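Data block below; observations after.
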Amino acid sequence: MPTKEQVGALSKELRDRALVHDYVFKAIDALPVTAHPMTQFATGVMALQVQSEFQKAYEKGIHKSKYWEPTYEDSLSLIARVPIVASYIYRRIYKDGKVIPMNDSLVIGGNFSHMLGFDSPEMQELMRLYVTNHSDHEGGNVSAHTGHLVASALSDPYLSFAAALNGLAGPLHGLANQEVLLWIKSVVEECGENITTEQLKDYVWKTLNSGKVVPGFGHGVLRKTVPRYTCQREFALKHLPDDPLFQLVSKLYEVVPPVLTQLGKVKNPWPNVDAHSGVLLNYYGLTEARYYTVLFGVSRSIGICSQLIWDRALGLPLERPKSVTMELLENHCKKAPAN
C-alpha cells in the first residue's frame, strides 16, 4: 500500500495536469445536446489527443525502448482530464450548461462528484467506490481488450482509450448499468414498490419468456457473485438500507439466480457489478441513467492507461487475430457431435 505522502503527491500531480483547452469543449459543443453522452465523451477524448506526448515523441524518432515514457505522460494527463470532460458533458446535457470548476482540496473521485454537482460526503464516498470498482477488469472484456488492441498499433493512449469507450458504449458492455436501473424501474411501474417475491418471480419469467435477459445477472467469465457487487451491497446496507429500490435489488438476489438455474442455459446466474451501481447513484440524485456509462468510462481510464504503460514497457507486439479458411471451419463442423 502507498503511504499517505505518496497518495498526496499523486493527487497533486493529477490536479496539476487537469487542464482542458477550450477547443475540446468546442468539439463537444459542435454535437447536438441530444447526442448520447458516450458519443460526446468519445468526441471530447479525441479532441484531447491533440496534446499527445507519445505522438510528438514518435514523430521525432524516439527509440522503442523509451516508448513507455511518453505513454506514461499521456496516461497521467488523460486520467486527470477525463473527469473534467465527463462532468462538462453532464452539466451541458442536464444542467443547462452551468459548469462547476474543480475543488483543489478534493481527490479525483470526490472532485468528479463535485464537478457533477454532488457535494454530500456520502456521494463523494460512493464516487470513490465507483471509480475504484470499475477501473479495470481482466483483459478479455470489450473495453479493456480494445484498449490493448488499438494501442498495439502504437496508437497513443488518447486514441486507444477513445476506441475503448466506443466498445464500452455497447448495450452488452457498459450500457448494462443503465439497462439494470431502467428494468428495475419498469418492475416498480408495473408491480409497485411493495412487490412480493412471487410477483417478482413472475415478472422475471415474463422478461425471459419475451426473449430478453434480466440485466445485471450472469457474466461471460465469472462463475459466482462478483465481489464488486458485494462491496456495493455493503455500502447500501450502511447508508440506505430502507431505500425501496435497494430492497428490490435484495429481493432480486434471492429470486433471479434460482430462476436462471432452472432455465438451464446460464452458467453463471449470480449478480454482477451492474446489478447494484445504478440504484446507488439514483438514491443520491444522479438519476440520469443515460449518463451512467460515462461514469464507467471515467473509471476505466485508470485501468486501461495503467495497462498501456506496461504494454509499451514490455514491448508487446502488434495484435493480429488468427485467420482460418472456410475449409477448416467446415471440417470443424463435421467433427462436432450432432445434437
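The values are calculated or read from the model by the stated rules, or taken from the named source; none is laboratory data. Computed from a prediction, not measured in an experiment: that's the story for all the values here. For neighbour counting, all protein chains shown are included, and Cβ atoms are generated from backbone atoms with ideal geometry for every residue, glycine included. Remember, those area values only see protein heavy atoms, side chains included, never the ligands or the DNA or RNA. Shrake-Rupley method; radii C 1.70, N 1.55, O 1.52, S 1.80 Å.
Return the pairs, sorted by first residue and then second, in which the second residue is open to solvent by less than 70 Å² (accessible area, probe 1.4 Å) and in a loop (DSSP other than H, G, I, E, B), the first residue lies in the range 195-207 and is assigned by the TED database to the domain that holds residue 255 and under 15 Å from residue 257 (Cβ atoms), the beta carbons are less than 7 Å apart, and the residues are 6+ apart or on different chains.
From residues that are assigned by the TED database to the domain that holds residue 255 and under 15 Å from residue 257 (Cβ atoms), the pairs are 204/214; 207/214.
Select from the range 16-34 the residues that are in a helix (DSSP H, G or I) and either open to solvent by 80 Å² or more (accessible area, probe 1.4 Å) or at pLDDT below 95 (or both) and list them in ascending order.
Once the filter is applied, which keeps residues that are in a helix (DSSP H, G or I) and either open to solvent by 80 Å² or more (accessible area, probe 1.4 Å) or at pLDDT below 95 (or both), the range 16-34 yields 16, 22, 23, 26.
If we only count helices (runs of 4 or more DSSP H) wholly inside the range 240-339, which ones have 3 or more residues that are under 22 Å from the mean Cα position of the chain (by Cα)?
Counting at least 3 such residues, we get 244-263, 274-283, 292-313.
Does any residue of the range 278-288 turn out to be open to solvent by 20 Å² or more (accessible area, probe 1.4 Å), β-branched (Val, Ile, Thr) and more than 15 Å from residue 187 (Cβ to Cβ)?
yes
In the list 174, 170, 147, which residue meets the criterion of being assigned to a loop (DSSP other than H, G, I, E, B), surrounded by 20 or more Cβ atoms within 10 Å (Cβ to Cβ), within 14 Å of the chain's Cα centre (by Cα) and not aliphatic (A, V, I, L, M)?
174
What are the residues in the range 116-144 that are open to solvent by 10 Å² or more (accessible area, probe 1.4 Å) and of a type in the set (A, V, I, L, M, F, W, C), if any?
The answer is 118, 129, 131, 142.
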